[in-house]
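The values are calculated or read from the model by the stated rules, or taken from the named source; none is laboratory data. It should be emphasised that the depicted structure is a prediction, and the values quoted were computed from it without experimental measurement. Ideal geometry is used to build each Cβ from the backbone, glycine not excepted, and the neighbour counts take in all protein chains shown. With ligands, DNA and RNA removed, areas are computed over all heavy atoms of the protein, side chains included. Shrake-Rupley method; radii C 1.70, N 1.55, O 1.52, S 1.80 Å.
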There are 2 protein chains.
Amino acid sequence: MMLKPLAATLVALTMMDAAVGAADAPLQITRAGSRAVNAGPAQWFTGEVKVEMLYTPSGAERTSAGSVTFSPGARTNWHSHPLGQTLIVTAGVGRVQQWGGAVQEIRAGDVVHIPPEVKHWHGAAPGSAMTHIAVQEAQDGKTADWLEAVSEVQYGPAAVPVGAPFSAYTPPTD
Amino acid sequence: MMLKPLAATLVALTMMDAAVGAADAPLQITRAGSRAVNAGPAQWFTGEVKVEMLYTPSGAERTSAGSVTFSPGARTNWHSHPLGQTLIVTAGVGRVQQWGGAVQEIRAGDVVHIPPEVKHWHGAAPGSAMTHIAVQEAQDGKTADWLEAVSEVQYGPAAVPVGAPFSAYTPPTD
């Protein structure tokens, strides 16, 4: 019957894959300016947000990394990550808040870690863009659970001057 | 007997831990300039290397991130990572090589991905420092398998001028 040669070919291909192995996989370099930059989708972000993926995992890996630039006032929706996230601020001034906590200012060189399942948002300051590298692990292929938008009241006072000390701001709860 | 109250206390503490849960864990911010910077150990590196850990995982997480600065000519030993590594070049000019491949130049903004188990090294160019953020996943608590130092011949010609186009260099094999 005709199926035998096809089955034999599939088995041979599978064995070849196993024989090649990860140790022979090519090291990959993507050059500055060569990667796609996409708008952050409106159902997950408020304002202008640009997302440049730096790496997406394959095989046994589960970590992805992207550079995200928020225009002044732009921010994520509230969301959480099944296995957490680390934000490395590379430019500008921004804000981050954990549900029930104060809005905190973040600046270039600061690093934020959001533990698994913690509801939070992050974004730019009202008068400054902010860029961070975001590193997160996927659980069953999923890196985030997206929730509602961050309201103007939650985002906090727009009058804080860029460069001035920012007192942590806890939005009114009523 | 005296053990009963202690046992009861331990059980109560365990239950409290479970009740708190990850969703209540605090978001952590480390500020620019506040993190420890350590010399890269001589058994793993050639030349002056500074390592600033940005985040180390806990609980179910397995991803760590660090900023590593190589002085001109400095480099890692040959090594591999059980679950791969992503290098995000943030400053300067450097070099990277996979075992059996060409030495390739990397510059600020370039991103290198090293697949799991691939033997490789990375470091600065002969005439320029290089800084990269390194992101890697731990497997059973281990992020790297360290091997022999990169010889001067393997490192490649020192005469390539900084800023000049760098032709990929394959070291002699005999």
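Am I reading the B/A interface right? What is its buried accessible area, both sides, 1.4 Å probe, to the nearest 100 Å²?
Counting both chains, the buried surface is close to 3600 Å².
I'd like the Karplus ³J(HN,Hα) series for segment A:105-110: coefficients 6.51, -1.76, 1.60, θ = phi - 60°, whole numbers in Hz, and an x wherever there's a Gly or Pro.
My calculation for segment A:105-110 gives 7, 10, 10, 3, x, 6 Hz in order.
What does the charge add up to near B:A125, with Lys and Arg as +1, Asp and Glu as -1, over the other residues with Cβ less than 15 Å from its Cβ?
-1
Give me a comma-separated list of calculated 3J(HN,Hα) values for segment A:120-134, in order, Karplus coefficients 6.51, -1.76, 1.60 applied at θ = phi - 60°, integers in Hz, x for any Gly or Pro.
Each residue of segment A:120-134 in turn: 6, 9, 8, x, 7, 6, x, x, 8, 5, 9, 10, 9, 8, 10 Hz.
Report, by chain and number, residues whose modeled amide H sits under 5 Å from the one on B:G84, excluding near sequence neighbours (fewer than 5 apart, same chain).
Long-range HN contacts for B:G84: B:E117.
About its Cα centre, how strong a charge dipole does segment B:30-163 have in debye, to the nearest 20, once Lys and Arg get +1 and Asp and Glu get -1 at the Cβ?
For this selection, approximately 280 debye.
Loop only per DSSP, at most 15 neighbouring Cβ atoms within 10 Å: give me the GluC sites (Glu not before Pro) in segment A:36-81, ordered by residue number.
The qualifying sites are A:E48.
Convert each backbone phi in segment A:38-50 into a coupling constant with the Karplus relation 6.51 cos²θ - 1.76 cosθ + 1.60 (shift: θ = phi - 60°), then list the ³J(HN,Hα) values in order as whole Hz, x for Gly and Pro.
Calculated HN-Hα couplings, in order: 10, 5, x, x, 5, 6, 10, 9, 10, x, 7, 9, 10 Hz.
How far apart are the A:A60 label points across copies, placing each 7 Å from Cα toward Cβ, in nm, shortest first?
Taking the point 7 Å beyond Cα along Cα→Cβ, the inter-copy spacings are 2.0 nm.
Under the definition of partner shielding as Cβ atoms of other protein chains within 10 Å of a residue Cβ, what is the mean value for peptide A:49-59?
3
Can you give me the solvent accessible area of B:V37 with a 1.4 Å probe, rounded to the nearest 10 Å²?
About 80 Å², ignoring ligands and nucleic acids.
Which value in Å does the Kirkwood hydrodynamic radius of segment B:34-90 take, with 1/r averaged over all unlike C-alpha pairs and then inverted?
Averaging 1/r across every pair of different Cα atoms and inverting gives 12.7 Å.
Under a no-solvent Debye model with one identical scatterer per Cα of segment B:91-144, what's log10 I(q)/I(0) at q = 0.22 Å⁻¹?
So the normalised log intensities are -0.89.
What are the label-to-label distances in nm, one decimal and shortest first, from A:T30 to the same spot in the other copies, with labels 7 Å along Cα to Cβ?
Label point to label point, same position, other copies: 2.6 nm.
Show me the three semi-axes of the equivalent ellipsoid for segment B:30-163, from the C-alpha gyration tensor (sqrt of 5 times each eigenvalue), largest first, rounded to whole Å.
Sorted largest first and rounded, they come to 23, 17, 13 Å.
B:S80: accessible area at probe 1.4 Å, nearest 10 Å²?
Roughly 10 Å² of B:S80 is accessible to a 1.4 Å probe.
Among the chymotrypsin sites (Phe, Trp or Tyr not before Pro) in segment B:37-92, which ones are in a DSSP loop with at most 16 other Cβ atoms within 10 Å of the Cβ? Mind listing them?
The qualifying sites are B:W44.
Once amide H atoms are built 1.01 Å from N in the peptide plane, which residues 5 or more positions from B:G40, or in another chain, come under 5 Å H to H?
Amide H neighbours of B:G40, under 5 Å, 5+ apart: B:V49, B:K50, B:V51.
Counting only the heavy atoms of the protein chains, how much of A:I29 is accessible to a 1.4 Å probe, in Å² to the nearest 10?
40
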